1. So for the stretch 118-141 (the condition being under 19 Å from residue 67 (Cβ atoms), of a type in the set (S, T, N, Q) and crowded, with 17+ Cβ neighbours inside 10 Å), does at least one residue qualify?
2. If you check residue 129 against the conditions, is it assigned to a strand (DSSP E or B) and under 24 Å from residue 196 (Cβ atoms)?
3. Pick from the stretch 68-101 the residues that are in contact with a helix residue (DSSP H, G or I) (Cβ under 9 Å, 6 or more places away or on another chain) and not in a strand (DSSP E or B): which of them is nearest to residue 186 (Cα to Cα)?
4. Which one is nearest to the chain's Cα centre (by Cα) among residues in the stretch 64-107 that are β-branched (Val, Ile, Thr) and closer than 23 Å to residue 195 by Cβ?
5. Taking only the stretch 150-201 into account, find how many residues are over 22 Å from the mean Cα position of the chain (by Cα), among the acidic types (Asp, Glu) and not in a strand (DSSP E or B).
6. Check 55, 20 and return the single one that is at pLDDT below 70, more than 31 Å from the chain's Cα centre (by Cα) and loosely packed, with under 11 Cβ neighbours inside 10 Å.
7. Say we look at the stretch 165-206 and pick out the residues that are modelled with pLDDT under 95 and hydroxyl-bearing (Ser, Thr, Tyr); which of these is nearest to residue 139 (Cα to Cα)?
8. Working only within the stretch 126-147, note down all residues that are more than 20 Å from residue 76 (Cα to Cα) and out of contact with any Asp or Glu (no Cβ under 9 Å at 6 or more places or on another chain).
Amino acid sequence: MKHWFFLLLLSLPLFGYTDLGIHGHTYEIKEQNIKELIERRLLKLDRNKLKQDYLNAIEKAFTSEISLPPAMRDYTVRYQDFVIASYDVPDPAHPNNILYPKGSKIVSSLPEGAVLKMCFVDGSDMDLLHEVHEEFGECDYLVTKADIRKLSFLGNSIYPMNIAYVRRFKIDKLPVRLVMQKDTIEKTYLNIGRLKKEVWEKKNAR
């Protein structure tokens with residue numbers, strides 16, 4: 001019975017069909033020209049707002065709004081540098097294998113003999129910045145809460161401070177210099193009160 005019903009379905013197109021007519025309302029289907037649709041939408045855009053949004057995005061790329069408290073004493077801490085894996089990290093050579101399971105401790109490591117210096121400063125006070133720069137010396141990377149375009153005299157590797165830097169290196173006060181080598185970080189803070197006093201004394205000694 002099932003086979004007979006299946007053959008009947010297959011044979012329907014061979015024997016024609018019955019025109020049942022049209023019932024109800026009919027509507028014309030008209031596709032919109034995609035070019036005209038885009039042009040109409042473009043005309044609705046606020047060009048002045050787009051321009052201002054673009055300028056704001058550029059400005060934001062050169063500046064930072066992150067504020068951190070000043071260090072109120074000179075001190076240095078040294079610790080092993082590591083991160084905790086927030087997901088299963090696959091082995092690049094064997095993607096099906098897990099190199100570091102989620103939650104495991106991953107110790108970062110620089111090549112033997114390599115030293116990397118990163119300085120985090122508040123560049124809003126130029127006199128104070130010069131004093132900090134003098135004490136820290138040359139930094140491979142300078143991360144600052146300031147407009148980096150105004151600090152070009154300090155070198156080319158200058159970046160606006162962002163939350164990723166703050167969290168990755170646990171930056172809680174400014175100014176601070178990180179000296180990284182092998183698997184350790186030496187973190188040195190400078191006393192802002194002392195620095196301001198030295199700036200004032202230099203100005204008054206002239």
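The values are calculated or read from the model by the stated rules, or taken from the named source; none is laboratory data. Here the structure is a predicted model, which is why all the values come from computation and not from measurement. All Cβ positions, glycine included, derive from the backbone under ideal geometry; neighbour counts span all protein chains shown.
1. Among the residues of the stretch 118-141, not one is under 19 Å from residue 67 (Cβ atoms), of a type in the set (S, T, N, Q) and crowded, with 17+ Cβ neighbours inside 10 Å, which makes the answer no.
2. Criteria not met by residue 129.
3. 74
4. 66
5. The qualifying residues number 3.
6. 20
7. Once the filter is applied, the top-ranked residue is 165.
8. Within the stretch 126-147, 126, 127, 130 qualify.
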